[in-house]
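The values are calculated or read from the model by the stated rules, or taken from the named source; none is laboratory data. As the structure is a prediction and not an experimental result, all values here were calculated from the model. Here the Cβ positions follow ideal geometry from the backbone for every residue, glycine too, while neighbour counts run over all protein chains shown. The protein model used for the area step is the full one, side chains on, heavy atoms only, and it has no ligands, DNA or RNA in it. Shrake-Rupley method; radii C 1.70, N 1.55, O 1.52, S 1.80 Å.
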Amino acid sequence: MSKQKRTRRSATLAASVAVVTAASAASLPLAFANADSDAYKAAPKPTVVLVHGAFADASGWNGTAARLRDQGFTVRAVANPLRGPDYDAAYLQSQLQSVKGPKILVGHSYGGAVITNAATAIPDVKALVYIAAFIPEKGESLGRLMEQHPDTGVPPLPTAPFPFTRPDGTTATEVMLDPARFHAAFAADVPAATSALMAASQRPITAEAFGQPLKSAAWKSIPSWALVARNDQAIGPSLERFMAKRAGARITEVNGSHAVMVSRPDAVTNLVKQAYRATR
């Protein structure tokens, strides 16, 4: 082969290599761009905010919180002041304003009234999840709901009211459950040793909370889910069903006591996941 032919062949081969290399190089940024696009499409999961009710504290959510965290959710269990729907809603709103991004609010018992009263002021609440909870209408009080919808299978709560003095000298009344009857009334399907600790650490609620009408009903504008505890001896299961149906909530029923978030954290977690999948 002449030197001239070898030179032309080398030039042609070099040009081909250059074209292939250029094409491969051009394809690499596109591949990375597609990977980045997919990453951006995978939006972070919402923060799940857990709000306990009367005669309980945030530790009642421990089983649920652990499961949700295992599923990749950020979780915050709020210490509900139990001072009344207005006070507690304002406190919860302050907490929510510090949580960036979308949120799912989960309320147990009286905590359901609190999230109902608070959520309309927070624009990025995606879903409300009610666990054996009150779901009041605007203008309703919890005491009125219980009076208008008695459940013959649920005896009166064994409450023990006691007066206390405020710093300004005025007096008020708080209510707690009789520790000796706490297990049967609140947590019948929880191990006795656990319910004894729950009774000892229960948070009392001001008596005023049951007579204060709600100023807002967030379920009218925010999708909601509800877990009805069929064996509830604190809020009548029939009342839970009535409120959930009225709110248009997606309802799940389980055999459980009022402390269903302690005895059935799997069911609570599954309901939160349903709300997430439906609203993401």
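A single entry from GLY72, GLY53 fulfils the requirement of being at pLDDT 95 or above, within 25 Å of SER141 (Cα to Cα) and in a loop (DSSP other than H, G, I, E, B): GLY53. Tallying residues that are within 16 Å of PRO81 (Cα to Cα) and not β-branched (Val, Ile, Thr) within the range 98-125 yields 9. Pairs linking a residue in the range 190-218 that is closer than 16 Å to LEU82 by Cα to a residue that is part of a helix (DSSP H, G or I), with Cβ atoms under 6 Å and 6 or more positions apart or on different chains, are PHE210/LEU142; PHE210/GLY143; GLY211/GLY143; GLN212/PRO85; LEU214/PRO85; LEU214/ASN117. Tell me whether the range 188-196 contains one or more residues that are polar (S, T, N, Q), touching a helix residue (DSSP H, G or I) at 6+ places or on another chain (Cβ under 6 Å) and under 26 Å from LEU271 (Cβ atoms). Yes, the range 188-196 contains a residue that is polar (S, T, N, Q), touching a helix residue (DSSP H, G or I) at 6+ places or on another chain (Cβ under 6 Å) and under 26 Å from LEU271 (Cβ atoms). Cβ-Cβ contacts under 9 Å between residues 6 or more apart (or on different chains), taken from a first residue in the range 230-249 that is of a type in the set (Val, Ile, Thr) to a second residue that is open to solvent by 20 Å² or more (accessible area, probe 1.4 Å) and not in a helix (DSSP H, G or I), are listed as ILE235/ASP151; ILE235/VAL154.
Please enumerate the residues belonging to the range 187-232 that are assigned to a helix (DSSP H, G or I) and of a type in the set (Gly, Ala, Ser). Scanning the range 187-232 gives ALA192, ALA193, SER195, ALA196, ALA199, ALA200, SER201, ALA207, ALA209, ALA218.
Residues in the range 46-63 that are among the small types (Gly, Ala, Ser) and either in contact with a Pro (Cβ under 7 Å, 6 or more places away or on another chain) or surrounded by fewer than 24 Cβ atoms within 10 Å (Cβ to Cβ) (or both): ALA58, SER59, GLY63. Is the range 243-258 home to any residue that is open to solvent by 10 Å² or more (accessible area, probe 1.4 Å) and assigned to a helix (DSSP H, G or I)? Yes, that holds for at least one residue.
Against the definition (more than 20 Å from LEU227 (Cα to Cα), at pLDDT 95 or above and under 12 Å from the mean Cα position of the chain (by Cα)), how does THR64 come out, yes or no? Here the answer is no, as THR64 does not meet what is asked. The single residue among ARG241, ARG264, ARG250, ARG246 that is over 17 Å from GLY112 (Cα atoms), among the basic types (Lys, Arg) and out of contact with any helix residue (DSSP H, G or I) (no Cβ under 6 Å at 6 or more places or on another chain) turns out to be ARG264. Among the helices (runs of 4 or more DSSP H) confined to the range 103-186, the ones with at least 3 residues that are modelled with pLDDT of 95 or more, touching a helix residue (DSSP H, G or I) at 6+ places or on another chain (Cβ under 6 Å) and crowded, with 22+ Cβ neighbours inside 10 Å are located at 110-118.
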